[in-house]
Every structure is written in C-alpha cells, then in structure tokens.
Amino acid sequence: MTNTQLDRRQLLAGTAALAGGLALGVRPLAAQDSGDIVLGGSIPLTGVFAFAGVGIHAGIQDYLKILNDGGGIKGRKIKYVAEDTAYKVDASVAAFNKITSQEKVSLYYGDSTGFSKTINPELDRRGSMIMAGASFATELNDPKKFPLQFMAGPDYTEMFGILLRYIAKEKPGARVAFVYSDSEFGRDPIVPSEAVAKELKLSVVEKIVTPPGSVDVSTEVLKLRRANPDFTIFHGYVLAPIPEFVAQAKQMGMKSQFMGTFWTMDNSTVQRMGDAADGFMGVMPYRYYYDKDGTAPMLEKIRQMRPEYQSTGYLQGFVTAMLMAEAVKRTLDAGKELTGINLKAGLNSIKDFDTGGLFGVPISIPGNSVPVGRIYRFDAKAKQMQPASDWIKL
C-alpha cells in the first residue's frame with residue numbers, strides 16, 4: 001500500500017469515526033481524541049536543503065508505517081501531514097498555520113533553526129504539541145526558552161565536544177583549527193567550543209570564516225597552512241568549500257586530519273569530495289544504513305523496506321518520529337492528555353532507551369538533546385564511512 005493510500009484510508013477512517021461520534025451525540029473533540037494522532041511537518045522537499053528533506057520525509061513515513069502496521073499506540077495511529085517549504089521560513093510558517101488549522105496536531109517537524117525560533121512563541125501559546133526538526137542549533141537546547149522543542153541528537157556545540165574529546169584522547173595537546181561559514185549555522189558552536197578545547201588542553205591555533213558555499217578558498221588555505229593544525233574541523237557547510245579546502249591543503253603537503261559535523265556526514269556527500277574524501281572524519285549520532293554489526297535490528301527493518309542506501313537525513317527523520325511516538329506512548333500510558341507539557345515530560349522520562357540500535361548505545365533525554373555520537377572515517381576502498389571510535393556520551 002502506498003503512503004498516499006495509507007493516508008487516504010486513515011483519513012476515511014477518521015471521518016467515519018467522527019460521523020459515528022456525532023450520531024451518538026458525542027462531542028467532536030472526544031471523537032478526535034480517540035482517533036488519529038497527527039504529526040505535522042514543514043519539510044523542504046524542494047530548494048537548497050531538498051537533498052536532506054526528501055530523506056527526512058521518507059524516514060518519518062517509514063517509521064510511522066512500522067508503528068501503524070503494528071497497531072499504533074494503544075490502538076491509535078499516527079497520521080503524517082506534511083507541506084513542502086523549499087527551506088524558507090515564511091513558507092514553513094504558512095505550512096504550520098495551514099496544517100494546524102485543519103488538524104489537531106500533537107507533534108510537529110520543523111525544517112530549520114529560523115523556523116524553530118520564529119514559531120516558538122506560537123508553540124508556547126498553543127501548548128498543544130511538541131516539536132523537533134532538522135536543526136541541531138545550540139540555542140534550541142534550552143528547556144527554559146524552548147520548553148516544547150527537542151532534537152534527535154547532539155546540538156552543534158555537543159558535536160564539537162564529541163570531536164574534541166576524540167582529538168584529546170588521540171593526541172593530547174593537539175593543535176586544532178575551526179573553519180566555518182559566515183552564517184548563523186556556521187557561527188553557532190565556535191565560541192563555546194573554544195572554551196571546551198581549552199578545558200581539554202587543546203590549542204585552537206586558527207579560526208577561518210568563509211561565505212557559505214564559497215569556491216575560491218586559496219587565501220584561506222594559505223592561512224590554514226601557516227597555522228599548521230593537527231586537526232581541522234569544518235562546520236556550517238554541507239559540501240562546498242570542503243573538497244576545495246582539503247584538495248588544496250593536501251597539494252601543499254599539509255597533514256592535518258579533516259573533520260566535519262552531521263550535515264556533512266552523509267556517505268554520498270563525502271563520496272562527492274572525490275580524492276579529498278579518503279580519511280575524512282566526522283561525528284554521527286546514528287549508525288549508517290549499511291552497518292551490519294548485528295546489534296541494530298531496526299536497521300534490518302529499514303533495509304528490508306528500502307534495499308537501496310538511505311541517507312543520514314532519512315535516519316534523522318526516522319529517529320525523530322520514533323522519539324515522538326515514544327513520548328506519545330508514555331503520555332498515554334500515564335493516562336494523561338496529549339498536551340505539549342505532558343508530551344515533553346513523557347519525552348524527558350526516556351532513560352536508557354533502545355532505539356533498535358540506530359543510536360549505538362541506550363539513550364536518555366534529560367533536556368532538549370541526545371548528546372551521543374561516534375567518530376567515523378571514510379575508507380576510499382570500501383567507499384564507506386566506517387567507525388573510528390566507540391560511542392561517546394557527553
């Protein structure tokens with residue numbers, strides 16, 4: 001059955017239940033409360049972030065198919081209602097308003113930091129849902145300012161923290177450089193990560209900022225060469241200008257170990273770096289699609305559903321839907337109403353939770369993030385990102 005057919009069947013079932021409720025004189029709200037639980041989504045299916053949005057969309061749909069085919073949560077199914085936003089904040093807000101005006105939404109997926117910050121006052125005002133999304137912004141990892149939001153992984157500063165802890169263990173006292181885009185995304189973890197580096201007795205010998213997606217980086221590469229770091233961490237990019245940086249640095253004989261953060265770490269993205277990809281490292285909260293170490297039964301299910309490689313964006317969407325569903329389950333098990341505060345309390349009760357091996361260790365969510373990750377290194381012969389560390393918990 002296609003997702004469209006599934007949605008249509010669920011919609012018809014919901015309409016029939018509502019009609020039956022009205023015939024019996026039951027309030028419409030009561031009928032809705034016992035029907036489908038709605039997960040709304042502002043999803044970038046087109047535009048600059050579509051490469052991730054398409055994967056996220058598929059991951060959410062697949063997890064909900066597994067859940068709903070298994071009977072849902074206490075007999076209730078989760079219905080997914082998404083709109084394309086092209087990764088534009090105004091379009092995301094319009095999608096949110098459209099979906100929430102037509103559905104009783106308990107869960108929402110947002111496409112960007114900009115949207116998450118813009119919609120936050122409205123989330124608080126409504127108090128009817130929790131939200132997660134594509135952003136791992138450090139700012140969002142604050143339960144006081146963003147009480148109804150969370151992220152299905154470490155925030156950007158925590159990603160740097162995982163990388164820096166790995167570096168400190170591999171080479172105590174190492175020289176480190178940060179290369180980042182001149183954007184909110186790029187600047188996010190830089191200042192707090194300098195402090196973390198200092199605590200770990202690492203030297204931040206250079207910080208280089210470039211326009212997002214810049215192509216000519218020859219001047220910046222010379223600066224990097226003069227600084228001579230043992231490790232160089234890129235952040236605030238997806239692909240460009242990382243391959244240009246790495247290729248030019250290697251041509252100059254630099255031996256620095258190059259690293260990235262989550263949105264650079266998709267296996268197909270790293271492969272597109274060409275010769276520069278070999279040995280490239282970075283942090284990932286989840287196992288990769290192709291990981292077959294035998295302790296990830298949920299990956300086996302994913303591979304059965306989709307025999308072709310699925311991106312890190314797919315896994316992020318899948319895990320986000322899983323954690324949202326777990327928050328719903330815990331709220332309903334406690335006999336509580338599906339309000340934003342109750343759902344977030346349910347989410348925050350998650351302790352030592354097994355995601356079917358998608359995270360390599362049991363996870364807890366005491367705040368707004370899941371501060372867990374692993375370092376992977378690209379093996380050019382295998383054409384795969386492969387584990388370079390154990391799972392690191394902050």
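Helix 156-170 and the longest principal axis of the Cα set of the chain meet at an angle near 40°.
Please say if segment 173-249 is rounded, prolate or oblate, where rounded means a/c under 1.5 for a ≥ b ≥ c the square roots of the C-alpha gyration tensor eigenvalues, and otherwise the choice is prolate for a/b larger than b/c and oblate otherwise? Before the final figure, lay out each step's value.
On the way: a/c = 2.39, a/b = 1.31, b/c = 1.82.
It comes out oblate by the Cα gyration axes.
Where does the charge balance sit around Asn97 when Lys and Arg score +1, Asp and Glu -1, over other residues with C-beta under 12 Å from its C-beta?
On the way: positive: Lys98, Arg126; negative: Glu83, Asp90, Glu103, Glu122.
Summing Lys/Arg as +1 and Asp/Glu as -1 gives -2.
Accessible surface of segment 65-191, 1.4 Å probe: 49 percent of it comes from carbon and sulfur atoms. Given a 1.4 Å probe and the protein chains as shown, Leu222 ends up with an accessible area of around 80 Å². GNM remark for the chain: springs join alpha carbons under 10 Å apart, and the peak mean-square fluctuation among Thr100, Thr85, Thr312 falls on Thr100.
From the alpha carbon centroid of segment 319-333 to that of segment 117-190 is 22 Å. Summing charges over all other residues whose Cβ lies under 15 Å from the Cβ of Asp278, with Lys and Arg as +1 and Asp and Glu as -1, gives +4. Once C-alpha pairs closer than 8 Å and six or more residues apart are averaged by separation and normalised to the residue number of segment 283-360, the relative contact order reads 46 percent. With contacts taken as Cα pairs under 8 Å at a separation of at least 6 residues, the chain carries a relative contact order of 17 percent.
Which GluC sites (Glu not before Pro) does segment 280-351 hold that lie in a coil by DSSP with at most 15 other beta carbons within 10 Å?
On the way: sites: Glu300, Glu308, Glu326, Glu337; in loops: Glu308, Glu337.
Of the GluC sites (Glu not before Pro), the ones in loops of segment 280-351 whose Cβ has at most 15 other Cβ atoms within 10 Å are Glu308, Glu337.
A 1.4 Å probe over all protein chains sorts Val204, Val217 by accessible area into Val204, Val217, starting with the largest. With the alpha-carbon atoms of the chain aligned to their principal axes, the span from lowest to highest coordinate is 78, 41, 37 Å, starting with the largest. Axis angle, to the nearest 10 degrees, between helix 89-102 and the longest C-alpha principal axis of the chain: 20 degrees. Could you tell me the distance between the Cα centroids of segment 272-317 and segment 344-394, to the nearest Å? Value for the Cα centre distance between the two parts: 13 Å.
Once the Cα atoms of helix 218-227 and of the chain are each reduced to a long axis, what angle between those two axes, in degrees from 0 to 90 to the nearest 10, is obtained? The angle comes out near 70 degrees.
Could you rank the peptides 116-126, 152-162 by their average count of other C-beta atoms within 10 Å per residue, with the highest value first? Provide the component values of the computation, followed by the final result.
Values: 116-126: 16.3, 152-162: 26.2.
The most tightly packed comes first, giving 152-162, 116-126.
Restricting segment 57-93 to trypsin sites (Lys or Arg not before Pro) that sit in a DSSP loop and have at most 11 other Cβ atoms within 10 Å of their own Cβ leaves Lys74.
Local charge for Asp333 was computed over the other residues whose Cβ lies under 15 Å away, with Lys and Arg +1 and Asp and Glu -1, and equals +4. Largest first, the extents of the alpha carbon coordinates of segment 271-329 on the three principal axes equal 46, 22, 19 Å.
The values are calculated or read from the model by the stated rules, or taken from the named source; none is laboratory data. All values derive from a computational prediction rather than experimental measurement. With ideal geometry, Cβ positions are generated from the backbone for all residues, glycine too; neighbour counts draw on all protein chains shown. Each accessible area value is taken on the protein alone, full model and side chains, heavy atoms only, with ligands, DNA and RNA left out. Shrake-Rupley method; radii C 1.70, N 1.55, O 1.52, S 1.80 Å.
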